[in-house]
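The values are calculated or read from the model by the stated rules, or taken from the named source; none is laboratory data. Just so we're clear, the structure is a prediction, and the values are computed from it rather than from any experiment. FYI the Cβ positions are ideal-geometry reconstructions off the backbone, even for glycines, and counts take in every protein chain you see. The accessibility values were calculated without ligands, DNA or RNA, using every heavy atom of the protein model including side chains. Shrake-Rupley method; radii C 1.70, N 1.55, O 1.52, S 1.80 Å.
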Amino acid sequence: MSSLAVLHASQLITLAGPPRARSGKELGELGIIHDGGLFSADGKITHVGKTPEIKKFCQRDTEVIDARGCVVLPGFVDAHTHLVFAGNRLEDFESRARGETYQQTAKRGGGIKTTVRATRAATENDLFALAKKRAGWFLQNGTTTVEAKSGYGLTLEDELKILRVIRRVGAETPLETVPTFLGAHAFPPEFGENHGGYISLIIDKMLPAIEQEKLAEYCDIFCEQNYFDVDDSRRVLTTAKQHGLKLRMHVDQLTNGGGAKMAADLGAVTADHLEQTDADGISALAKRGVQPVLLPGSVYALGSKKYPAARQMIDAGLAVVLATDFNPGSSPSASIPMMLSLAVTQMRMSPTEAITAATINAAASLGRIESIGSLEAGKLANLVIYDCDDFRELAYWFGVSLVRDVFVRGKRT
Ligand SMILES: [Zn+2]
């Protein structure tokens, strides 16, 4: 039996509490233990407490980590990423600096089309090599689980290829992946104006193939003006449910198209982005307990000023989640600590609320509340040791990685 003990943490941030997403005042409860420690055996946490209690469990072959002067947290859970793609969007990045908007970029054939071309041309092994490198970036920034979406293939074969790569990253690297099918990310150019044709391909071919190969847990859609409208979303997502998939949705990012209400109507687990969502949208989410996934990295990287209304959402009782939206176009960042900084400085969340949103609430949104998102007996020993002695420093020192050690299932990565 392999065992690990972490001792003497200045602050052991447990996030211990009821096994459900946290809302309202609960977002402010981190369950901090000073001079904290934990013990894990065979990859699972068995005890959490003060250092003297934990020391009692140490045996001769236990790996003992001295976390004096350090903060220890559960590994971050990033509930919204586009992990697998080829190429980059450096041209768009530079044109945006010259004043081009996201929509203008798309019109001149840049944007997502660039990434779709590169991703289609890449083999499964090419994509795996790229994704493996990025898995390292997530781990180095303290993230141990990511949700990962397809959506840069837009043909049956290429979407399946991406989902297989997502599965391989989970199996062959320390980063755990939760797969989401996002075939409805954009209309592929070869379909021209035949949008109905592509919707039929998703419904008749892609969804059944994904169910058969068990390649996804969730289905997502980019519900936005000039992309997939409310009717398309209803058709795709209703069918996805029949194939056993749970729902997440990209809504109200660039325009308020009533996406938040639709996510509530369809019983989606999460509604993501929500930059343009108004009070009606927020109350619709609250009524149905849909978790908002806020993605400040994409607002920042697009040079926009309109962040989602996190404070109103928290006041309305929503169990807010924070994620990176890691993708080549609008949020090329694998850093949750950067998102914590944006949450505090731009969205007026407290450091405590931001950390809760990127750990236990994110785990709940991925159906993983029993195994990750907090440091409690019975959960996986996924934990990160930071070289600072106050958890607020994670959000404060932006652009600086304070990560010292990362453990996944009790093993150093
Ligand atoms: Zn996204």
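The charge dipole of region 51-169, taken about its Cα centre with unit charges on the Cβ of Lys, Arg, Asp and Glu (plus for the first two, minus for the last two), comes to roughly 160 debye. Peptide packing: for 61-68, 43-50, the average count of neighbouring Cβ atoms within 10 Å per residue gives the ranking 43-50, 61-68, highest mean first.
Comparing region 279-413 with the 2.2 N^0.38 Å rule of thumb, its C-alpha radius of gyration ratio is 1.08 (two decimals).
The DSSP beta bridges internal to region 1-135 are antiparallel in roughly 70% of cases.
With no solvent and one point on each alpha carbon, what is the Debye value of log10 I(q)/I(0) for region 23-68 at q = 0.16, 0.22, 0.26, 0.30 Å⁻¹? Ignoring solvent entirely, the Cα scatterers give -0.52, -0.80, -0.99, -1.17. Charged neighbours of Ser401, selected by a Cβ distance under 14 Å, balance to -2 (K, R count +1; D, E count -1).
Remark on the chain: ratio of C-alpha radius of gyration to 2.2 N^0.38 Å is 0.96.
Got a sec? Charge dipole of region 158-210, +1 on Cβ for Lys and Arg, -1 for Asp and Glu; which of Leu160, Ala171, Leu201 is way out at the positive end? Of the options given, the answer is Ala171.
Residue ranking by accessible heavy-atom surface, 1.4 Å probe, largest first, among Thr119, Thr352, Thr238 comes out as Thr238, Thr352, Thr119. For Ile13, the accessible area of its heavy atoms, probed at 1.4 Å with every protein chain present, is near 0 square angstrom. Charging the Cβ of each Asp and Glu at -1 and of each Lys and Arg at +1, and nothing else, the dipole of the chain about its Cα centre rounds to 380 debye. The alpha carbon gyration tensor of region 82-232 gives principal lengths a ≥ b ≥ c with a/c of 1.5 or higher and a/b no greater than b/c, which makes the shape oblate. Positive end of the dipole of the chain (Cβ unit charges, origin at the Cα centre): among Leu266, Val384, Val64, the Cα lying farthest that way belongs to Val64. When each of the peptides 203-215, 258-270 is scored by the mean number of other C-beta atoms lying within 10 Å of its residues, the order from highest to lowest reads 258-270, 203-215. Pairs exceeding a 31 Å alpha-carbon distance, out of Lys246/Lys306; Lys149/Lys305; Lys55/Lys133: Lys55/Lys133.
A 1.4 Å probe run over the protein chains yields, for the chain, 39 Å² of accessible area per residue, whole-number rounding.
The antiparallel fraction among DSSP beta bridges confined to the chain stands at about 45%.
Its DSSP H runs of at least 4 residues, each contributing -39,500 (n - 2.57), put the calculated 222 nm mean residue ellipticity of the chain at -10000 deg cm²/dmol, to the nearest 500. The Cα atoms of region 198-283 cover 40, 24, 16 Å along the three principal axes, with the biggest extent listed first. Among His34, His8, His195, the sequence by solvent-accessible area, most first, with a 1.4 Å probe is His34, His195, His8. Considering only Leu12, Gly399, Ile221, and ranking their Cα positions along the charge dipole of the chain that arises from unit charges at the beta-carbon of Lys, Arg, Asp and Glu, the one farthest toward the positive end is Leu12. Where does helix 336-347 land angle-wise versus the long Cα axis of the chain, in degrees 0 to 90, nearest 10? Result, in degrees: 70. With K and R counted +1 and D and E -1, the other residues having a Cβ less than 9 Å from that of Gly111 yield a net charge of +3. Only protein atoms count toward the accessible area here, which uses a 1.4 Å probe; on the chain, the carbon and sulfur part of that area reaches 51 percent. A Cβ-based charge dipole, computed about the Cα centre of region 234-310 with Lys and Arg at +1 and Asp and Glu at -1, lands at about 260 debye. Computed with a 1.4 Å probe on the full set of protein chains, the accessible area for Lys55 sits at about 110 Å².
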